[in-house]
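The values are calculated or read from the model by the stated rules, or taken from the named source; none is laboratory data. It should be emphasised that the depicted structure is a prediction, and the values quoted were computed from it without experimental measurement. For neighbour counting, all protein chains shown are included, and Cβ atoms are generated from backbone atoms with ideal geometry for every residue, glycine included.
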Amino acid sequence: MVSNGFTSTHADAVRSSPSTHPHDKETLDVNIVSRSEALQDVLNRLERVASIDTTVLITGETGTGKELVARQLHRRSRRAARSLVAVNLASVPEPLVASELFGHEQGAFTGAIQRRIGRFELADRATLFLDEIGELSHEMQVALLRIVQEGAFERLGASQTRHVDVRLIAATNRNLEEAVDDGRFRADLYYRLSVFPIHLPPLRERREDIPALAEYFLLRLAARVGRRFTGIEPASLEQLQAFSWPGNIRQLQNVIEHSAILSDEPVLRIPPSLLVEKRPGVALASKLDAALHDNEKQMIEQALAGARGRVSGSAGAASNLGIPASTLESKIKRLRIDKLRFRSHPAA
């Protein structure tokens with residue numbers, strides 16, 4: 001299971017081998033490997049704010065490690081004795097977001113057969129991580145603003161106001177400043193969330209870290225599958241560092257795992273077919289990000305029609321648009337596109 005580019009089963013950290021890289025800087029309790037200046041600023045900011053209850057907004061492309069940073073902020077805080085509560089808002093159907101965050105009473109709506117405790121109550125005296133915060137509807141932005149300001153809310157179907165002590169960490173792969181300018185995100189909520197912003201650089205801006213990250217993923221994979229690898233061939237390492245990594249660290253991990261499954265040799269070789277640059281897709285992705293709301297929706301619907309409703313995979317709409325499938329799913333949800341209708345009527 002992958003969590004924002006780092007494997008959650010690997011303690012959400014990148015640990016270097018003590019003998020392989022003796023000069024790597026060991027930062028915080030998890031020894032995150034970082035030779036790049038781009039990530040050093042992130043780690044320094046993380047260390048400064050972790051022990052303070054300040055609200056943090058983590059930004060960065062898909063797969064750059066936003067949940068990893070959130071977990072380290074929690075582990076270094078005075079709330080570390082309690083569990084971090086995390087929710088990906090892009091994965092929650094819009095009608096259920098309020099119930100997910102604030103909970104509901106029995107009978108509050110059709111299907112509410114019993115009381116549910118929301119994420120804010122579960123995170124009382126702990127930390128709540130809201131990933132994909134940019135996907136919230138305007139109605140939910142208003143509700144979130146109230147609890148951020150006052151620490152108060154009501155469960156759905158209840159009249160009693162509840163108060164919680166929650167340290168909030170939010171994350172997004174979207175440009176919230178642009179969303180504020182476009183009227184898609186409330187300015188007052190944005191300023192409440194971005195008290196202390198942390199921006200995660202994409203992997204292409206920290207290429208010095210790629211060899212150590214690749215070796216780490218290979219080491220952990222070898223232990224899991226019971227095989228022994230002595231390293232990665234130099235030519236493959238050069239290919240890894242030259243690649244643009246649109247999917248960032250998550251994509252790097254997938255490439256290493258795919259290559260290891262195919263390999264019969266102790267020295268790992270990366271098949272060149274896994275590192276093919278998709279220049280037209282990258283250009284189209286830039287056009288997509290710059291497009292107005294209507295044009296963006298039209299482009300996505302055209303891609304879905306051509307892919308017969310399929311989002312992921314080599315023939316999916318996300319691949320044709322040159323963006324990660326998770327990003328496209330978020331856009332489909334935000335634009336209220338019914339992707340299922342393209343499966344039976346591809347020309348619609």
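In segment 233-248, which residues are touching a Leu at 6+ places or on another chain (Cβ under 6 Å) and crowded, with 21+ Cβ neighbours inside 10 Å? Show your work before the answer.
Just the residues of segment 233-248 that are touching a Leu at 6+ places or on another chain (Cβ under 6 Å), to begin with: 239, 243, 245, 248.
Selection gives 245, 248.
Which numbered condition trips up residue 99, out of (1) in contact (Cβ under 8 Å) with a residue 12 or more places away in the chain; (2) surrounded by fewer than 16 Cβ atoms within 10 Å (Cβ to Cβ); (3) hydroxyl-bearing (Ser, Thr, Tyr)?
The single condition residue 99 does not satisfy is (2).
Just to verify a result, which residue in segment 175-230, among those that are β-branched (Val, Ile, Thr) and in contact with a strand residue (DSSP E or B) (Cβ under 7 Å, 6 or more places away or on another chain), is nearest to residue 151 (Cα to Cα)?
Only one residue fits best here, namely 198.
How many of the residues making up segment 105-152 are in contact with a strand residue (DSSP E or B) (Cβ under 7 Å, 6 or more places away or on another chain), closer than 25 Å to residue 50 by Cα and buried (at least 16 other Cβ atoms within 10 Å of the Cβ)?
Qualifying residue count, segment 105-152: 17.
Determine whether residue 189 is of a type outside the set (Phe, Trp, Tyr), surrounded by 14 or more Cβ atoms within 10 Å (Cβ to Cβ), within 30 Å of residue 245 (Cβ to Cβ) and in contact (Cβ under 8 Å) with a residue 40 or more places away in the chain.
Values: of a type outside the set (Phe, Trp, Tyr): yes; surrounded by 14 or more Cβ atoms within 10 Å (Cβ to Cβ): yes; within 30 Å of residue 245 (Cβ to Cβ): no; in contact (Cβ under 8 Å) with a residue 40 or more places away in the chain: yes.
No: the conditions fail for residue 189.
Could you look through segment 259-281, keep only residues that are in a helix (DSSP H, G or I) and exposed (fewer than 14 other Cβ atoms within 10 Å of the Cβ), and pick out the one that is modelled with the lowest pLDDT?
So in segment 259-281, the residues in a helix (DSSP H, G or I) come out as 259-262, 272-275, 279-281.
Now narrow it down to the ones that are exposed (fewer than 14 other Cβ atoms within 10 Å of the Cβ): 261-262, 272-273, 279-280.
Numbers: 261: 87, 262: 87, 272: 90, 273: 89, 279: 55, 280: 47.
Top of the filtered list is 280.
Does at least one position in segment 127-134 carry a residue that is within 23 Å of residue 180 (Cα to Cα), outside the structural domain of residue 336 (by TED's automatic domain parsing), β-branched (Val, Ile, Thr) and modelled with pLDDT of 95 or more?
yes
How many residues are more than 21 Å from residue 59 (Cβ to Cβ) and of a type in the set (Lys, Arg) if we restrict to segment 70-108?
3
Considering each residue of segment 192-210, count those that are surrounded by 21 or more Cβ atoms within 10 Å (Cβ to Cβ) and not aliphatic (A, V, I, L, M), and give that number.
Of segment 192-210, the ones surrounded by 21 or more Cβ atoms within 10 Å (Cβ to Cβ) are 193, 198, 200, 203, 206, 209-210.
Of the ones still in play, those that are also not aliphatic (A, V, I, L, M) are 206, 209.
Total satisfying the criteria: 2.
Counting just the residues of segment 34-54 that are at pLDDT 85 or above and of a type in the set (A, V, I, L, M), which one comes out farthest from residue 125 (Cα to Cα)?
Initial filter on segment 34-54 (at pLDDT 85 or above): 39-54.
Adding the requirement that they be of a type in the set (A, V, I, L, M) leaves 39, 42-43, 46, 49-50, 52.
Working: 39: 30, 42: 26, 43: 25, 46: 20, 49: 17, 50: 15, 52: 13 Å.
Among residues in segment 34-54 that are at pLDDT 85 or above and of a type in the set (A, V, I, L, M), the one farthest from residue 125 (Cα to Cα) is 39.
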